[in-house]
Structures are given as structure tokens and as C-alpha cells.
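Notes follow the structure.
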Amino acid sequence: MVEGLVQGVGFRPFIYRLAKKHQLAGNVTNRTDGVLVNVNGEEGVIDLFINEIETLAPPAAYIRNISQNTCSDLLKDDFVILSSQAIQDQITEISPDIAVCSDCLADLKKQEHRKNYPFINCTNCGPRFSIVKKLPYDRINTTMHQFQMCEKCSEEYHHVLDRRFHAQPVACNHCGPVYIYNDKRNFNKILNELVIKIQQGEIVAVKGLGGYNLICDAQNNLAVKRLRKIKGRDAKPFAIMFNELHTANGYCYMNEFEQKMITSWRRPILILKQRRRLCESVNNGLGSIGALLPYLPFHYMLFRKLSISAIVYTSANNSGEPIISDDQFASETLSKKVDALVSHNREIYNPIDDSVVKIVQQKTQIIRRARGFVPNPIPIKSRVDGIFAAGAELKNSFAIGKGQQAILSQYIGDLKNLETYTFYKKTVSQFFRLFKFKPQIIACDLHPDYLSAQFSENLNQGKLNGGQIPIIKVQHHHAHIVSCMAENLIQDKVIGVSFDGTGYGTDGNIWGGEFLICDTKSFDRIAHFDYASMPGGDLAADEPWRMVLSYFNQYSINKPDIFCGIDQNKLAVVSEMIRTGINSPITSSVGRLFDAVSFLVNKVAINSFDAEGPMRLESIADKAETDAYSFSLNDGVIVLEKMFRKLIADLDQLSPSRISAKFHNTMVEIICNVAKKIRSETGINKVVLSGGVFQNSYLLEKSIENLENNQFTTFTNHLVPPNDGGIALGQLVIASNYL
Ligand code: ZN
Ligand code: ZN
Ligand code: FE
């Protein structure tokens, strides 16, 4: 019995071919709990066979467990694939989309009916989640349904020894989807025109796998600048697609783990340290590059003709809006803005962005979980059947529970944007239909104003449910910690450290620098950062100088020259806000603390994208610096007056790199000191680190190192993001206590 993701990834034909190779008789069947293989043969051969199931499995298959039983039935001489429609109907696992495989790339040159066919695929590669409309995963239930297979494709599809046996999106030049540009359908001609335009510094929009993308020459500063205007994105780094690994290596530093990730079939955008600059506008001096390699046949064919080896590859939607997948919408909104709009006629049913990941201490950290990861289920210990977790407000992703698995949606985005909220509602109903899911419990954030929480109320009010479904409100930072506990299969009490931008606390204040003792059911808040006011509310997150003013007020620091670049009237208004408390909620957020320090050290007065200041602060931190600032811990409140006073004095004496490092080191020491104090009182030795601030690699690596030097066991997120994109997993598991 083989358990794991073994459906829709060419697993049964793989077993068939393997059994034939070893001349084993028997059969293979799909079951709801996995794939059952029966074989007759000598023990040594069977051992080898089982070994090869593990080592040679198709790339996108994920084997959780292989269990072995001896049975006395004598099987016939042949090996056969048995099918059962009833079982087929119950299978709920769907594979993520898979990057084109090397066999298919070779076929592009040698297979007559697929010569240069840009939609080539096989059971080991190609679209999956993005095209599936409902289960079971059969061609008829995908957006490939409208394409009638030609005789040749059909032959391959039905031939069990063929690599395209039951490859649902199988197609060729004669029968499959085509690219379309200004009514032209000759792919070679389209490609030639695109190549000329990109090389001339123009911007083209191309329909990809999960949505429309914008492409331009990554070394043409003017082109990249214009792309920023089109997208409404000021400074946030763009993803760069390199033609091949070798080129990426020339521009980025990569260790073996990073090489493995960037070339994996998931093909995410991988955040790497920049070795050589492409052009200023690509990342505006941030020192990192979001790199990815070609994953569609189209990408490979484009690079074969291009004389340039790196392109900006970004989604075509306006900044903050959901990915564009609708052809009509694309032609209405994009054609006026770009120099060419290329579409194709394979419908995208589940729009999905490129994923973004980092490697931290040789392990994956997911920043944006989408293509290549979704909808892989997360195996957990709790039973979460029938639970819908609505997720957070920013970087939203929701989740549904199936048995002991959590299925998280693709990255949705920030729900405050109306289009994104519409995308959210649509995706929720698509998920319910796709996974035949009916909510029995709803989990959502404690924040009364979150749209995901309001959506939950509305969902419950629907005539189907009549207000009968319990809604469990989950505290934001408890959810962060439990997201990490769940994926690490922890159920006992832990010390949870949640450093975050924002989240609604049980006292009505905005939390974000929290030390909890918790399990998957409840939590106690043991320590937190000193409350400071956030003048202007959310505006304080956009304008870091506001937080500096707030901390200065808090600790009676008078240093007006710090604010010399800030408008004097604005300064007066904000000071008044802090004094009177009007429109100034109070917060313990470490995210806001990083903002403040980034203004002091780097003069980042305005975050032109989420966490710009903190990212710049991290990028300059001097790794050799070991010094830190002092702080005090008064009754569970972390007070930073000493730190701020010394840091301001340092501004005239130390380099920004050293000050940044000293500040980071202070955060590490706070984590370690508070954890030690909690351990001495409770004996708890497991420390769970989660929350958006832990996307900061410097902080995360040093914290883990320091904690482990002090004999703590540490846990971090690897399967879901530590940011709000992972919240839904925590909500799901916390709500399971109410089942
Ligand atoms: Zn393939
Ligand atoms: Zn065909
Ligand atoms: Fe958060």
C-alpha cells in the first residue's frame, strides 16, 4: 500500500512499468487512502521493486508511507491496472501544476506531431490544479474538455506503456490549445514578434499557466521603470526569470539547497542574495533577487530565440489586485497599456500566482504559497473534517479540513482590495465544490473588522445553513504559533514567540510582539513588547517615522533633528494624535518596531511596499557584529527605552550596518532571555517561532542558533508561510477542539 499524493501524477502507469521491468505479476488499484499494489514474485525482486517505487517515483508524487503485507492469493501471470469508478469518485487529492519535464522538452524537437508545440505535457508534467473544475481528475472535468484528442494523442492516452497514458491535458499541434496574438495563431510567428519587442525594450503581456504575466528585458532600466508604472508598483523587487541555472548563478549566490529548489518541478520564485546587478529598477538596491527558471514550454522556446538571458516575469494585475485570468478582462485592461498582448485558448479555471520561497538554514521557508504547492494537503495530527478556516485579512489564504489533512487555498492577497475580496469569495465556493466540502465549523480571526470574519458570518447566515454553524474566533498570534505546531505535528505545550506586523489582541489592542505558552487549544500571554501608540492607525505601517515619534514620546526622548526631512505640519498633527490618543490605537507589534528602527538607521520614511524598511534594514546588517543593546523586562513587558537611547547615540558613531546588526541581536537576546525565564518557571523546552517578522532570515537564523545553544528545541514553518498566509492552518487546528 502506497500512501501520499499518488493520484494524477502518473503513479499507476509508473508502477505498471516498474512491475513489467521486474517481470512481476499482479495488479495496481487506486483506493481512497492511496494506491494498492499486489505482486507475485521472489522476495529479493520484490524488495528491489519496493525500493525503486521510492527512488524512481514520478517527480510530483509524494510518498508518505509504504506498508507491506503478505497475502496468499496467487495472482495471474500478467500485471494489470484495475480501475474502480466508485473509488475514483472518492479521491480528493489533486496534484499541483508541474513544470515541463525534460522528456517533453526533448519531444519538442523529435516528436513529429508536437514539434515546437507550446502546450506539450505528459503524466510527469504540465497543468493540473489550474485547469481542474471538479473531481475526479479526468479530462472531462478539466478545461481541456473542449479539445477533442486527435487519433495520435488518443492512442498515447490509452496506451499503458506510453508516458502520456491518462495524461489528462495531453494535446498536440493538431488537436490542442494554441497561442493567439492579434488573431494570429502561428506560434512561430508570434514568438518571433515577441522576441523583437522584448529585445527592443518593449513590454509584453502573455497568458501563462495561472494567469497573465508581464515580461520585459531585465537589464533595460527604462523598460523596467515603465513596467513599474503600468503595474502601479513603485519599488518592490520584481521576479526575474533566467534562461538557465548557469545564468542565474552569475547574478545570484546559490548554495546546493537553493539550486535544488530553483530547479525542482515546483519552480518557485526563489529569493537569493544578489551577486551582480541586472539594472537599478529591478530591485532598487535591495541586494536580493527573486529568481526563477523557465517552467512552461513557452518559456524555454522564448529563451531559445531571445538574445537576452534574463527577463522580468511578473503578474499582469495592478499591484494589490488579484491575478488576471479572464481573457476578456485582460484584453480590456491590458491591451492599452502594453506593446503586445498574447493569449491562448486553454481556460484557466483556478487562477494561481507563482510561489515565492527562501531557503533558511537548508530548509524551505514559503513566503507565498501558490503554484507548485497548492493544493498539496498538509498532513496534521488533529481531525479537521468539515472545518473551514477563513484566514486573515492580508496575504489571505483560506483552508478546508479533510480528515487529518488541511488543504490551503492558493495565495489570495489583501482582502481590503475589492477585486481581491471578490476573488476570495469566488475561490472559496470553487474550493467547496472542487473538494465536495460542506462546512460544519467555521474558524476566523478575532478581529471584528476583518472581511474574512464578516464573510464567515455571511456564510453562516446563508439559507443553506440557517445560522447553525458554530463560528470559532481565533486570536491571530495563537493561530500563527499553532500553524507551526500543526505542520511540525506538535500537540503539547510550547513557548510560542510570535513577532508580527499586526493582529487583534484579546484586550482589543493591536498585538505583534507576543510570548505565549500555548497548545493547540488555548494560550496564555506571558510577555509582550511595551505598548506604543500607532498614530494614524494603519498609516503608521506605511510611514515608519510616525512610529519613531511614538517611541520617542513613550520614552521621553527629545531629538527633533531626526525628523528634519518630515513636513513640520504633519509632524505637529501626529504629535498631537499621540498626545491625545485620537486615532492612535496602541500596539505591541515588532513589525512596527522594525519600521521605526529602519527610519532611524536607513531613513526609510515611507514604506513603498509591505515591510520595505525592515527588508532594507536586514539587508545591511553586519553579520560579524556580536554586540546588542540593553532592554528591560518588567512584569512581562519588554521595555526598550535603553535600546533607543543608545541606538540614537550610535547614529553618530557606528555604521548603519553595525547598528542594524546590534538591533537584530537585541531581538535575538530578547527571545532567548524571555524563553529562558519561561522555561525556568514551567519546564517547557520547545520554542515555536512564527509570524511575518520571521521572514527576516538574519533574525530567524540567529534566534534558532542562540536558542539551540541554550538547549531549546526550536520549530519554524516550512510547509506554510510564517506570515498571514499560514494563519488558516492554525485556525483550522484550533477549531478542531470544538468538533
Ligand atoms: Zn512531460
Ligand atoms: Zn493530438
Ligand atoms: Fe500576522
- Message: If packing is taken as the average count of other Cβ atoms within 10 Å, what order do 645-658, 205-218, 282-295 fall into, highest mean first?
- Response: 205-218, 282-295, 645-658
- Would you mind counting up the charge near N27? Only other residues with Cβ under 11 Å from its Cβ, with Lys and Arg at +1 and Asp and Glu at -1. 0
- Note on the structure: Compactness summary of the range 2-81: radius of gyration and Dmax from Cα atoms, Å, are 11.6, 33
- Query: Put R275, R525, R228 in order of accessible area, largest first, 1.4 Å probe: what do you get?
  - Reply: R275, R525, R228
- Stick to Cα atoms and the Kirkwood definition of Rh, then tell me Rg/Rh for the chain. 0.98
- For the range 301-410, which trypsin sites (Lys or Arg not before Pro) are in a loop by DSSP, counting at most 10 other Cβ atoms within 10 Å? K336
- Sort out for me the Cα centre separation of the range 377-401 from the range 652-677, rounded to whole Å. 35
- Fraction of alpha-carbon pairs over 32 Å apart in the range 494-717 - percent: 14
- Note on the structure: Calculated from DSSP helices alone, with each H run of at least 4 adding -39500 (n - 2.57) and the total divided by the residues of the chain, [θ]222 nm to the nearest 500 comes to -10500 deg cm²/dmol
- Charge tally for neighbours of A171 with beta carbon under 9 Å away, counting Lys, Arg as +1 and Asp, Glu as -1, is +2
- Which entries in the list K236/K395; K416/K493; K236/K337; K273/K677; K436/K473 go over 26 Å, if you measure between the two C-alpha atoms of each? K416/K493; K273/K677
- Task: Would you mind telling me the antiparallel percentage of the DSSP bridges in the chain, rounded to 5?
- Result: 70
- Item | Length-normalised contact order of the chain in % [C-alpha pairs under 8 Å, at least 6 apart] | 11
- Query: Using a 1.4 angstrom probe and counting only protein chains, how large is the accessible area of T502 in Å², to 10?
  - Reply: 40
- Query: So what's the range 481-580 giving for Rg/Rh, alpha carbon basis, Kirkwood Rh from the mean inverse pair distance?
  - Reply: 1.12
- Here the FRET efficiency for Q440 versus T506, based on Cβ atoms and R0 = 22 Å and rounded to 0.05, is 0.30
- Query: Excluding K570 itself, what net charge comes from residues whose Cβ is under 12 Å from its Cβ, given Lys and Arg +1 and Asp and Glu -1?
  - Reply: -2
- Hz values of 3J(HN,Hα) by residue in the range 295-307 - Karplus curve (6.51, -1.76, 1.60), Gly and Pro given as x: 10, 10, x, 3, 4, 4, 5, 5, 5, 4, 9, 6, 8
- Item | Ellipsoid equivalent to the range 650-720 - semi-axes via the Cα gyration tensor, in Å | 25, 16, 9
- Message: 7 Å from Cα along Cα→Cβ at both Q328 and K646: what's the point-to-point distance in nm?
- Response: 6.4
- Message: Could you tell me the center-to-center distance, by alpha carbons, between the range 197-238 and the range 690-706 in angstrom?
- Response: 32
- Rg/Rh for the range 94-177, where both radii come from Cα atoms and Rh is the Kirkwood radius: 0.93
- Using a 1.4 angstrom probe and counting only protein chains, how large is the accessible area of V639 in Å², to 10? 30
- Which aspartates and glutamates have a Cα lying under 17 Å from the Cα of K184, excluding residues fewer than 8 positions away in the same chain? E193, D327, D339
- Show the residues, 5+ positions off or on another chain, whose built amide H is closer than 5 Å to the amide H of L292. I240, M241, F242, L270
- Message: Once neighbouring chains are kept in place and the probe is 1.4 Å, which whole percent of the accessible area of the chain is contributed by carbon and sulfur?
- Response: 48
- Note on the structure: Interchain or sequence-distant (5+) residues whose placed amide H lies within less than 5 Å of the amide H of V342 are A205, V206, K207
- Grab the Cα-Cα distance for R304 and Q146, subtract it from 0.36 nm times how many residues apart they are, and report the gain in nm with one decimal. 53.8 nm
- Query: To the nearest 0.05, how large is the calculated FRET efficiency for E42 and R277 if R₀ is 60 Å and r is the Cβ-Cβ distance?
  - Reply: 0.50
- Task: Take the alpha-carbon centre of the range 278-296, take the same for the range 135-192, and report the distance between them in whole Å.
- Result: 33
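The values are calculated or read from the model by the stated rules, or taken from the named source; none is laboratory data. Only a predicted model underlies this, so the values are computations on that prediction, with no experimental measurement involved. All Cβ positions, glycine included, derive from the backbone under ideal geometry; neighbour counts span all protein chains shown. When the accessible area is computed, the model is the full protein with side chains, heavy atoms only, and any ligands, DNA or RNA have been set aside. Shrake-Rupley method; radii C 1.70, N 1.55, O 1.52, S 1.80 Å.
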